[in-house]
Each structure stands twice: as structure tokens, then as C-alpha cells.
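Where a number appears in this text, it was derived from the coordinates with a stated rule and is not lab data. Bear in mind that the values here come from a model prediction, so they are computed numbers and not experimental data. All Cβ positions, even for glycine, are placed from backbone atoms using ideal geometry, and neighbour counts span all protein chains on display.
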Amino acid sequence: MSLRPELPALQPTLGLAMLGLAAGPAALAQGDATSLALPELDVSTQAPSPYRRDAQPVVRLPTTVAETPQSITVIPREIIQERAASSIREALRNVTGISLSAGEGGFSGDALTLRGFSARGDFFIDGVRDLGQYSRDPFFMESIEVLKGPSSVAFGRGSTGGIINQTSRLPRAGNSGELNLSAYTPGGFRATSDVNLHAGNVAARVQMMGSHINAAGRDHVYQSRWGVAPSVTWGLGGPTQATLSWLHQEEENVPDLGIPFINGRPAPVRRSTFYGLNNQDRETTKTDVVTLRLSHQINDAVTVRNLTRYGAWSRNLNATAPRINAITTTGAAFNAFTTPLDQILVRREPQVRRGYDSLLLNQTEVAARFRTGFVEHNLLAGVEIARESSEATRFSFPAAANGRPAASLLDPNFYASGPITYGIGSDVKTVANTFAAYAVNQMKFGEMFELMLGGRWDRFDATYNNRSTTVAAQRQFSRLDEAFSWRAAAIFKPIPSVRTYFSYGTSFNPSAESLTLAANNAALPPEENVSYELGASWEVMSGLRLSGALFRIEKTNARTSDPAGNLTTLDGTARVDGFEIQAAGRITPNWNVLAGFTHLRSEITRSRVAAEVGKQFLNAAPNTASLWTTYDLPHGFQIGGGLSFVDYRYGNNTNTVRVPSYVRYDAALAWAPTEGPLRGLRMQVNALNLANATTYDTVYAAHTIPGTGRTFVFTLGARF
């Protein structure tokens with residue numbers, strides 16, 4: 001017996017019929033919730049584990065998660081909620097092979113490395129690049145997909161170590177609502193809601209979020225933000241659909257640049273020590289992403305999609321970067337080995353900048369299924385046109401005062417006052433135009449063999465303009481790159497429960513990848529990367545899937561400069577060898593698990609800087625592990641727990657700065673009554689960093705940012 005839900009009749013009381021009169025088409029990209037037919041469920045079998053998204057389509061590819069010959073980790077909405085993750089950084093603790101990094105070098109917001117390579121510019125929302133420098137909140141997300149390994153064939157420039165794709169919650173059939181209220185120790189609150197209304201072939205959905213959370217164990221540091229994400233779909237359930245959506249998020253934070261290094265190690269100070277200033281350290285951001293999706297199913301085999309997006313991201317940052325002062329409180333020169341800690345002064349280095357990024361993009365894709373002889377084809381082909389811009393203004397301070405009063409290493413004065421006069425140090429604008437065409441074909445030769453072939457051609461034209469200088473030679477640079485990326489993968493399925501593959505792929509990193517250029521790199525062609533991956537998955541038992549991969553990523557012409565930093569060439573080489581394993585699904589009907597382990601061996605094999613040769617990559621942890629598991633008890637109770645292990649990491653490529661490894665434990669207890677007057681409620685308690693371990697979330701060449709201490713989260717949720 002199978003059950004297939006039917007669309008309800010028009011309900012005028014919902015007031016949604018008028019939405020069909022509004023102008024403005026929008027549509028579905030591959031994988032949108034409104035484009036997916038609900039699966040037939042056999043009531044004699046258990047529902048699939050919420051931790052597995054095997055059938056979820058992979059954006060920009062013609063395959064599902066389970067069919068893609070590539071390592072993919074999907075963090076579903078259920079895990080985000082169970083872990084009380086209030087940021088994408090928290091959610092990504094479930095993914096191995098990732099190391100968080102500090103937003104430095106002129107950048108702020110979320111940053112990380114993936115399989116050893118920087119992925120700061122490799123965040124996407126529904127397959128479109130998310131340019132903003134801000135703290136991403138998962139309140140509007142259905143899941144987070146992490147595709148590992150070079151992915152330029154699908155996503156264009158960058159993606160050397162992989163990409164992070166945020167999938168949106170969009171309108172669907174049915175009426176539903178959800179509200180969650182959370183309280184935090186040592187202080188803070190968070191409220192989220194998700195309401196979906198449906199009438200006839202029109203549906204509307206809106207998510208809202210308000211959050212103010214103090215960083216446990218970090219004095220004076222907090223994050224405060226709010227957001228809203230409305231969307232409406234016309235033609236729901238029909239061959240032609242349109243979806244219009246808007247993501248708006250604002251934040252106002254006290255930015256945290258952590259503690260300095262002494263003798264290449266984190267300064268031995270209390271975790272709570274904060275070197276910022278009450279009257280200066282602030283960060284504000286504003287994000288707006290408007291998306292228009294159109295989808296038309298010509299027949300059962302061919303679908304045409306079009307997506308148009310406008311994005312705007314603004315930011316203002318005034319932060320204090322702690323640096324060890326050369327002169328101590330006694331006037332003597334600092335010595336890392338002999339100077340007493342209470343005599344060490346910290347220079348409060350100002351990091352003050354503002355910026356504005358924008359994106360205007362249009363994608364057109366055709367998805368087609370057809371047969372040639374005995375070969376089945378699943379083809380995705382598309383064209384992309386985009387214009388990106390980035391404006392960044394950095395401010396300078398008087399050299400004598402450095403814009404901030406010095407601080408004691410052990411007891412900095414948060415309420416100290418200092419000069420705030422400053423001038424413009426640099427004011428630059430970069431504009432990049434992209435045209436790309438791509439195609440990926442999955443070919444099936446019977447039940448055991450498959451072949452995937454894909455290619456993408458990019459034309460990336462960038463112009464950099466320094467508006468703060470009158471020197472003609474330093475004012476403007478431009479760079480035009482044309483690159484072809486490709487991927488080939490062979491898949492062999494010896495038995496239905498086992499799937500193996502070998503994949504080869506390429507990617508490229510142009511000089512203007514992050515929308516910046518300079519005199520020493522404007523003439524350089526892109527860096528090129530190749531990847532080899534041998535992987536397999538095994539349905540080890542009903543509901544539980546094991547997967548693993550051996551891989552190598554090699555940058556064959558890495559940028560490298562002479563020791564003085566005056567000349568940059570493509571004479572370097574670097575590579576990462578590694579393996580990973582992952583388990584996802586149900587061990588028993590009541591026991592769900594998502595676990596993984598990744599080992600990386602990174603090495604700079606050639607460089608013009610002799611001290612880098614043979615050294616490990618900066619911020620590339622040799623070993624990372626994660627676990628999250630829950631068990632459903634009788635009467636609606638659920639217990640859960642997990643860990644995150646991050647090995648030691650270096651803050652530079654010469655390996656002179658290092659942070660230690662750590663293990664963080666988390667736990668959860670929830671009760672969702674299934675009967676009685678409390679049915680529909682969920683009460684949940686989370687303990688984050690249960691053992692109050694000293695962790696280092698991010699690392700940079702001159703400082704490291706400690707992770708938060710033990711935090712309890714109390715949540716009351718309601719579904720209706």
C-alpha cells in the first residue's frame with residue numbers, strides 16, 4: 001500500500017489567491033523543494049533516516065547526492081536544530097576536512113579552509129556565489145551541502161578544496177508553522193519562525209530570526225543579528241513554476257580578533273582576555289539577496305530553468321588586532337623567553353574598513369534525460385552571465401599612537417580611551433564580468449557501469465581601480481582570463497549495495513578570484529589544480545551508509561614571491577594527500593548517527609621562499625573528526641551527543657606559528673510529546689562545549705581566536 005498526498009482545495013481564508021496577481025516571475029532551480037515530487041512511502045517500511053539526503057539533487061550537476069562520484073557531506077535541517085546551531089560555523093562542525101580561519105588580510109566574516117585550501121570565496125546559496133563578508137545564519141536553510149574536491153566544472157573559479165552550498169527553504173504544498181525560542185548562558189536569546197501557507201497552485205513561506213548571543217568565556221564579545229526570508233511560488237505542482245525569494249539579514253557585533261602569539265604559540269592568558277575597546281570595536285553588516293526562479297517542464301524528459309539574482313552586501317568593521325609590543329612596561333625590549341608576563345604590552349592594532357559587494361547574475365539551464373542505443377544519459381547544460389563588484393575602503397591612523405592605547409597582556413583595560421582620528425589609507429573598487437558555458441553528462445551502461453563527463457569554459461574579466469592614489473602606475477589594473485575546467489569519473493557498482501568510483505577533475509584560481517588585484521599579480525595567469533579521487537560507498541545495513549575516499553589535490557603552479565615580497569611568479573607547487581571516511585543514517589530504528597574522519601598530509605613542494613619548502617599548509621589540520629548521534633526514547637524523549645576534534649594547525653606557511661589540537665564535546669536532551677495537550681511542542685536543552693575545553697576556532701599569522709566556553713541553550717519550540 002502506498003500513500004500519496006493530494007493538494008488541498010483552494011482555501012480563500014488564507015488570503016493567498018491575491019498573490020497570483022502580483023507581477024514578478026520566479027522559478028525553481030534544480031533541487032528546490034517545490035520542484036520535487038513527494039516520494040511514495042510504503043507504510044510497511046520505516047521512513048529513511050533524517051540524517052541522509054541521498055535523493056537530494058546536487059546543484060549544478062545532473063545527479064543526486066548518492067549518485068555523485070565525489071565526497072559530499074550534507075548537514076540537514078534536523079541536525080542543525082538538534083545541535084542548536086546558530087551559525088553556519090557551528091553547523092560545519094559536523095564536517096571533517098574543514099578548518100575555520102580568521103577573517104584577516106582585509107577580509108572579515110566567515111572563512112575556512114577545505115581539504116587544506118582556502119574556501120573563503122566558495123560559499124554559495126542555491127548554487128550561486130555568496131560574495132558577502134558576514135556571519136551566515138542557518139535560519140533560512142533546508143540543508144548545507146559540502147562538496148569536497150575541485151569543483152570548477154560546476155561552479156567556476158576557485159573551489160580548489162570544494163564548496164559550501166546553502167539550500168533555501170522554499171514554498172511547498174500544505175500549511176504549517178514552526179516557532180522556536182531559545183535562552184543562552186551566560187546571556188542571550190534567539191527566536192526563529194517558519195510559516196508556510198498554501199492555496200490552490202500558490203504557496204508562500206517566510207522564515208524570521210532574531211538573535212543576540214554573548215560569547216561564553218570571552219569578555220565583552222557578542223553577536224546580534226536579525227533576518228527575514230520570504231518567498232512565494234506560483235504554479236505549484238504544475239509544469240511551469242515561478243518562485244520569488246528575498247533574504248535579508250543585518251548584524252551588529254563586537255568583533256573578536258582573539259589573543260596574540262608569543263614565541264609562536266598562543267599567549268598564556270585567560271580565555272576571557274579581550275583586547276578591544278568599549279568605544280570603538282564594532283562590526284555591522286547588511287545582506288540582501290533577491291532571487292527569481294523560473295522552471296518549465298517541457299515533457300517528462302526535458303526541463304528548462306532560469307535563475308536571476310541580485311545580491312548586495314555592505315559592512316563596516318572597527319576591530320582591534322592584538323600584537324606583542326616591542327617595548328615592555330619597564331621600557332626594556334621584549335624577549336619572548338625572559339620577559340615576565342605582567343610586563344608585556346600588547347599593541348592594539350586598528351583594523352578599520354568598510355566595504356560594499358554586489359552581484360547581478362543570470363543562469364539558464366537545460367536538464368534532459370534520453371537514450372542513445374543502450375546508453376542512458378542524464379544531461380545538465382547551462383550558460384551563466386554575471387557582473388560582480390567589490391568596493392573596499394581601509395583607514396589609516398597616526399603612526400605614533402597607532403590609533404589605540406597599548407594594553408597589558410594579562411589585564412587589558414576595555415574602557416581605555418584613545419585617539420580615533422583617522423584618514424583613508426586605500427579606497428579600491430574591483431569589477432569582474434563572467435561569461436561561462438558548462439555541461440555535465442551522466443551516462444549509464446546497464447546496472448553496473450556509469451561514466452560522468454563534464455566541462456566548463458569561463459571568461460573572467462576583472463578591472464581594479466585604486467581611487468586613493470594619483471600615481472597612474474598604481475591606480476588601475478586589469479586582467480582577462482579564459483579557462484577550461486573539466487571532470488571525468490568512472491563508476492562501478494559490483495552489487496546493488498556497493499558503489500565505487502574514480503574521478504579526475506581540475507580547477508583554477510585567477511589573481512582576481514576574491515575581487516582584488518595588485519601590481520605583483522595582475523600579469524599572472526590563473527593557478528591550476530588537479531584532483532584525483534578514488535571512493536566507494538556501501539549500504540552496510542538497512543538505513544546506514546558508509547563512504548570513503550582516497551584523494552590527492554595538487555596545485556601545479558602556485559603563486560610564490562621572493563623573500564622580500566617584491567616579485568610574484570607561478571613557480572610554486574603544493575599538494576594535499578589524504579583520505580576520509582563517513583557514516584550516515586540509522587543503526588537501529590531509533591538510533592541516528594553522522595560521523596566522519598579526515599586525514600590530510602599537506603606539503604609545499606616548491607617555493608621561492610626557501611623556508612616554506614617541505615612545510616605544511618597554513619590552517620590545514622592533519623586530522624579532523626566529528627560525531628553527532630541521537631537516540632529516540634519512549635514517550636517522545638531524545639538524547640544526543642557528539643564531539644569535534646581538530647588537530648594542531650599552523651598560522652603560516654613557514655610553520656613557525658602553531659595552535660594546539662582540541663576536542664569539543666556537545667550534548668542534547670529533548671522532549672517532544674506525541675500525545676496529549678502538549679503535542680506539537682518540543683523542549684530541548686543543549687550543552688555546547690560540555691567539558692569547557694580550551695579551543696581555538698580560528699588561526700592567523702599574528703593571532704588566534706579562542707572558541708567559546710561551556711554554553712547551555714534552553715529551547716522551547718512549537719509546530720502547528
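Looking at the stretch 249-324, I'd like the Rg to Rh ratio, where Rg is from alpha-carbon atoms and Rh is Kirkwood's inverse mean 1/r. Could you put the intermediate results ahead of the total?
On the way: Rg = 22.7 Å, Rh = 16.8 Å.
A ratio of 1.36.
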From the cross-link list LYS444/LYS555; LYS148/LYS555; LYS148/LYS286, the entries with a Cα-Cα span beyond 24 Å are LYS444/LYS555; LYS148/LYS286
Note: ASP411 to PHE637 extended length (0.36 nm per residue) minus current alpha-carbon separation gives 76.8 nm
Sorted by chain and number, the residues with a modelled amide H under 5 Å from that of ALA85, at a separation of 5 or more or across chains, are none
Length-normalised contact order of the stretch 75-151, Cα under 8 Å, at least 6 apart, in percent, tallies to 34 percent
Using alpha-carbon positions, the gyration tensor of the stretch 631-677 gives root eigenvalues a ≥ b ≥ c; with a/c under 1.5 called rounded, otherwise prolate if a/b exceeds b/c, else oblate, the class is prolate
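Show that you can apply the helix-only estimate: for the chain, add -39,500 (n - 2.57) for every DSSP H stretch of four or more residues, divide by all residues, and state [θ] at 222 nm to the nearest 500.
On the way: 4 runs with 18 residues, N = 720.
That comes out to -500 deg cm²/dmol.
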Per 5 angstrom bin, beginning at 0 and ending with the bin that holds the maximum distance, the Cα pairs of the stretch 393-504 fall in percents of 2, 8, 11, 9, 8, 7, 7, 7, 8, 7, 8, 8, 6, 3, 1
Restricting to Cα pairs under 8 Å and 6 or more apart, the percent relative contact order of the stretch 234-354 works out to 27 percent
Simple spin-label estimate for ALA522/TRP538, 7 Å along Cα→Cβ, in nm, reads 5.6 nm
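Can you give the percent of C-alpha pairs in the stretch 198-320 whose distance is more than 20 Å?
That fraction is 62 percent.
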Length gained if SER497 through VAL685 is fully extended, taking 0.36 nm per residue and subtracting the Cα-Cα distance, is 63.9 nm
Rounded to the nearest Å, the spacing of the alpha-carbon centers of the stretch 660-674 and the stretch 572-618 is 25 Å
Once normalised by the length of the chain, the mean sequence separation of its alpha carbon contacts under 8 Å that are 6 or more apart gives a contact order in percent of 12 percent
Taking every other residue with Cβ under 14 Å from the Cβ of LEU567 and scoring Lys and Arg +1, Asp and Glu -1, one gets 0
On each of the three principal axes the extent of the alpha-carbon atoms of the chain, given in whole Å and largest first, is 84, 59, 52
With label points set 7 Å from each Cα along the Cα-to-Cβ direction at ASP571 and ARG459, the distance between them in nm comes to 3.4 nm
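Using Cβ counts within 10 Å as a stand-in for footprinting exposure, how do MET448, MET208 rank, fewest first? Walk me through the numbers before you get to the answer.
On the way: MET448 12, MET208 17.
Sorted ascending by nearby Cβ count, the order is MET448, MET208.
Would you kindly calculate the mean projected area, averaged across all directions, of the convex hull enclosing the Cα atoms of the stretch 223-263, in square nanometres?
Working: hull surface 23.0 nm².
Result: 5.7 nm².
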1/(1 + (r/R0)^6) with r = Cβ-Cβ of VAL471 and LEU341, R0 = 35 Å, i.e. FRET efficiency to nearest 0.05, evaluates to 0.20
Given backbone amide H placed at 1.01 Å from N, residues whose amide H is under 5 Å from that of SER661, ignoring those fewer than 5 places away on the same chain, are TYR648
Given Cβ charges of +1 for Lys and Arg and -1 for Asp and Glu, the option among LEU92, THR694, ASN278 whose Cα lies farthest towards the positive end of the dipole of the chain is ASN278
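What is the extension gain from GLU250 to PHE579, computed as 0.36 nm multiplied by their sequence separation minus the C-alpha to C-alpha distance, in nm to one decimal? Write out the running numbers ahead of the final one.
Details: separation 329, 0.36 × 329 = 118.44 nm, distance 3.87 nm.
Fully extending the segment from GLU250 to PHE579 adds 114.6 nm.
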